[in-house]
Structure formats: C-alpha cells, structure tokens
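Below is one structure, written out as structure tokens, with a few remarks after it.
The values are calculated or read from the model by the stated rules, or taken from the named source; none is laboratory data. Note that the structure is a prediction, hence the values are computed from the model and not measured. For neighbour counting, all protein chains shown are included, and Cβ atoms are generated from backbone atoms with ideal geometry for every residue, glycine included. Please note that ligands, DNA and RNA were not included when accessible areas were found on the heavy atoms of the full protein model with its side chains. Shrake-Rupley method; radii C 1.70, N 1.55, O 1.52, S 1.80 Å.
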Amino acid sequence: MTWDVAVIGAGYVGVPLAFTFADAGKRVLLVDVQPGLIEALNRGESHIEDVPSEKLKPFTDSGAITATIDYEQLRNAGAVLIALPTPLSKQREPDLSIIEGAAKTFAPFVQRDQVIVLESTTWPGTTREVLQPVLEEGSRLKAGEDFHLAMSPERVDPGREDWTTKTTPKIVGGLTPACGEAAAEVYRAAMDTVHELTSPEAAELTKLLENIFRSVNIALVNELAILCDRMGIDIWEVVDSAATKPFGFMRFSPGPGLGGHCIPVDPFYLSWKAREFGFYTEFVELAGKVNEEMPYFCRSLVSQALNHHAQLAMKGSRILVLGVAYKPDIGDLRESPALKLISLLQNAGADVSYHDPHVPEIHEQGVELSVASYEPKNYDCVVIVTDHSSLDYDALVDEASLVVDLRNATGAKGSASGHVFKL
C-alpha cells in the first residue's frame, strides 16, 4: 500500500491536515501511538471539533484516510508531515522529547526522495540541529541530497471557519532550495496558497513572531486593565473607543489569562533559544509575566466583589465559573486560564462549580465540578471566564445576585448593573 502523504500525530493539527489532503484527492496515512485513538479514527470517529465524524467517516470508509500505530508503513509515503506537540517542561523550557522520540522511530524507514516536513512549533534551528541529525543517523541517508527536509509551521486556530487548514496561507522553508520546492509542491496539492522562505529557521521564527505579537499586545491591554481598575476607568470602553480608529490600531481585549496550544507556550521557545546568543528577549518575557499573573488578579476581583457587594468571605462562598474552554464556542482546555483560576478559588476556600456547554467534565481538577444546568440565584457569585455565544448573559444579569465578568460578555447591561463587576 502506498500513500501520497503521511501525518505523524493525530491531534489538533494532524487530523485537519489529513482531512485537507484527503479532500484534495490524496491518499493519507495517519500515525499515532495511541491504539484506542487509532481504532476510533478508522471507524470514522473524530475527537477533533474542526473535523467532525460526519466529515471524517466518508474518507476512512473509502480508504482515503487510514490510521495506524505502525511506523514502518511510513516507508511507503511520498511525504511525511510531523505534527506533534512541543510542550514546555516544568521549568518552562522547551521539551522536544516527543518529536525526538518519533524521529528516532521513523528514521530507519526514511526513503530516498521522500519529503519530510516538521509542522510543530519550535525554536529556530530545530529542524536543522535536532531533526536532521536524528533522521540521518537512523536512515544512513543525507538530508538535502538523499531526501528532502523542510519546516512548515502549523497555523491552526481551533473553531475558526473563515480560515481553515486549506485556506490559511502555508509558509515553507527548506533545508536547501530543492527541499523547499519539493515541500511546497506537496502543500500546493491541497492548500490554496504556499509562501516559500529561504530556510527552515525563517519558517520557525515566523510562527513564533505571529504568536509573540499576540502575547505582547494582550499583555499590554491586560496591564492597562489592572491600571484601569485602580483608576476607576472602564477598560472595555477605552478599548472600544480606540478600535474606532481606522488605522494604526489593532484591537486586543483583556482577559483572565492566555490559553491554547500556542500563545502561552511559544514565546518561551524563543526566549530560551535567544539566551544561547547572549540575548534577552525582555518584551517577550515581560509579556509572559503579565499574562501569567492575570488569574491571580482575577481571583482578587472575585474576592473584592464578594466582600464589597455581598459582605461575604471567599471561604465557603458558592462560586460558579461560567465557561472553562480557552476560547469561545469550542471544548479545548489546553492551557485554559479557567483551570488556574478554579484552583486559586478552591485554594482560597471557595466551593467551586462550573458550567460549560462544550466541556462536560474536567479531568485535571480531580473532582466533579460540572453542572449541566444551573440557577444563577443558587450561587453567591457567577464568574464569566469564557464567553460562549450560546449562553444568555442578559438573563444572567437579571437572575444572579453577583456577577464577575472577565470578558465583557454582559456588555452595556452589565456595566449599568450594580451587581456586575468587570475586569
């Protein structure tokens, strides 16, 4: 059996990649180490919201997409795309162990003229300094001569429908010009736009810049939110007002912290690598510090609201966290600030529950917190952490005795209500 494209990693990046290539008429192999996940995928059962089962199943039924745990099958693929997690260690340093382990397993099956592309977000130099040596040692082949090696970082934004894996421009940087051209041709078969760069390092840094840009600007508006709290100014009014300017301003909103698979993690990859060159990315590290402090500030807002409005202490108060996914209208919990805030509220003695139409349970907390439906009046305080569009915030303002709105979900009605406290 031969495959046009193989994808290592059947996660938030890998499954949409496989679907996009299959939808373009290519035969795709998905490789992962979780047998249960592989069995589900082969039945057409998707765990990724962006590729629901009803879209995936026709391709698995026809054989256009096949999932396996057998790395040896990669020898029969024309191109292999590596889409694996790149988390941080407990010390907030890059952890490439998943990529290195997969590369060592795959290396003996690398074939001549095969196109291999790293999609995982990482520090500049990973493709050349980490991936290339592992693949060459295990395959006894030379990258740039015997096989093609390139970097093309994923640009997935879960839950987004206007920009998808197919329509979002793809950037590609090859180890050599020939490597870049070969990788670009692979993507052009399924993606609308492919932009070629001169090196994998340029591609790696491009992805970091995209997310650092967001991290720094979110940190700026978060810092202003803290200042506005002290000055008695409505940060939401200020942001809305600034956004009326048609040039020279891009809107960013404050919030309880950063979540997702990119912004809370990626900037630290560059900070770590920069130290190798005796350089300190002060903007990047300061932004990380500000954003990581937001759950603590939001905990203090809840405490102040309870004290000032209801004359209640945090300890023993019944608190409902509304929305725990890291962004609206999806069920993705990765790096969600809601998890940190729940932990902080619990540590302060609060009796915490949560409601989220997209997240039926939270395994990280180790206790059953979820409520399928709720009566706002049964809680001392309702804290809006993620503003899912399906929730009725007008009714919440009417029914709850106290609301802490960290997303401005209650809008003008909340601002006019004495029992709604906003970030």
Exactly one of 272, 236 is aromatic (Phe, Trp, Tyr) and farther than 17 Å from residue 123 by Cβ, and that residue is 236
Among the residues of the range 369-383, which ones are at pLDDT below 90 and in contact with a Ser or Thr (Cβ under 9 Å, 6 or more places away or on another chain)? 369, 370, 371, 374
For residues that are out of contact with any Pro (no Cβ under 8 Å at 6 or more places or on another chain) and at pLDDT 90 or above, scanning just the range 253-270, find the one that is surrounded by the most Cβ atoms within 10 Å (Cβ to Cβ). 254
Starting from the range 145-174, take each residue that is more than 26 Å from residue 334 (Cβ to Cβ) and among the acidic types (Asp, Glu) and list its partners that are open to solvent by 40 Å² or more (accessible area, probe 1.4 Å) and at pLDDT 95 or above, counting only C-beta distances under 6 angstrom and pairs at least six apart or across chains. 146/112
Mind listing just one residue for me: the one in the range 153-174 that is in contact with a helix residue (DSSP H, G or I) (Cβ under 6 Å, 6 or more places away or on another chain) and not in a strand (DSSP E or B) and, of those, surrounded by the fewest Cβ atoms within 10 Å (Cβ to Cβ)? 166
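Does residue 206 satisfy being closer than 30 Å to residue 131 by Cβ, in contact with a strand residue (DSSP E or B) (Cβ under 9 Å, 6 or more places away or on another chain) and surrounded by 13 or more Cβ atoms within 10 Å (Cβ to Cβ)?
Details: closer than 30 Å to residue 131 by Cβ: yes; in contact with a strand residue (DSSP E or B) (Cβ under 9 Å, 6 or more places away or on another chain): yes; surrounded by 13 or more Cβ atoms within 10 Å (Cβ to Cβ): yes.
Yes, satisfied.
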When (1) over 25 Å from residue 327 (Cα atoms); (2) in contact with a Phe, Trp or Tyr (Cβ under 8 Å, 6 or more places away or on another chain) are applied to residue 243, the one that fails is (1)
Residue within the range 20-28 that is surrounded by 24 or more Cβ atoms within 10 Å (Cβ to Cβ), out of contact with any helix residue (DSSP H, G or I) (no Cβ under 8 Å at 6 or more places or on another chain) and at pLDDT 95 or above present: yes
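Looking at residue 332, is it more than 28 Å from residue 237 (Cα to Cα), of a type in the set (D, E, K, R) and either in contact (Cβ under 8 Å) with a residue 40 or more places away in the chain or in contact with a strand residue (DSSP E or B) (Cβ under 6 Å, 6 or more places away or on another chain) (or both)? Step through it out loud before you land on a result.
Numbers: more than 28 Å from residue 237 (Cα to Cα): yes; of a type in the set (D, E, K, R): yes; either in contact (Cβ under 8 Å) with a residue 40 or more places away in the chain or in contact with a strand residue (DSSP E or B) (Cβ under 6 Å, 6 or more places away or on another chain) (or both): yes.
Judged against the criteria, residue 332 is a match.
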Which residues, counting only those in the range 30-41, are closer than 16 Å to residue 13 by Cα, outside any loop (DSSP other than H, G, I, E, B) and without any contact (Cβ under 8 Å) to a residue 40 or more places away in the chain? 30, 37, 38, 41
In the range 66-83, what count of residues is obtained for those that are under 25 Å from the mean Cα position of the chain (by Cα) and open to solvent by 30 Å² or more (accessible area, probe 1.4 Å)? 1
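Pick from 359, 403, 397: which is hydrophobic (A, V, I, L, M, F, W, C) and surrounded by fewer than 21 Cβ atoms within 10 Å (Cβ to Cβ)?
Just a single option satisfies the conditions, and that option is 359.
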Can you go through 44, 63, 14 and tell me which one is open to solvent by less than 10 Å² (accessible area, probe 1.4 Å) and either in contact with a Leu (Cβ under 6 Å, 6 or more places away or on another chain) or without any contact (Cβ under 8 Å) to a residue 60 or more places away in the chain (or both)? 44
Restricting to the range 294-343, name every residue that is open to solvent by less than 10 Å² (accessible area, probe 1.4 Å), over 24 Å from the mean Cα position of the chain (by Cα) and not β-branched (Val, Ile, Thr). 305, 306, 317, 320
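Looking only at residues in the range 222-252 that are aromatic (Phe, Trp, Tyr) and either touching a residue at least 24 places away in the same chain (Cβ under 8 Å) or closer than 18 Å to residue 384 by Cβ (or both), which one is least open to solvent (accessible area, probe 1.4 Å)? Let's see the steps before the verdict.
Step one: of the range 222-252, the residues aromatic (Phe, Trp, Tyr) are 236, 247, 249, 252.
Of the ones still in play, those that are also either touching a residue at least 24 places away in the same chain (Cβ under 8 Å) or closer than 18 Å to residue 384 by Cβ (or both) are 236, 252.
Numbers: 236: 10, 252: 32 Å².
Going through the qualifying residues, I end up with 236.
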Condition first: among the charged types (D, E, K, R), open to solvent by 30 Å² or more (accessible area, probe 1.4 Å) and in a loop (DSSP other than H, G, I, E, B). Now tell me which residues in the range 86-133 satisfy that. 90, 92, 93, 95, 112, 113
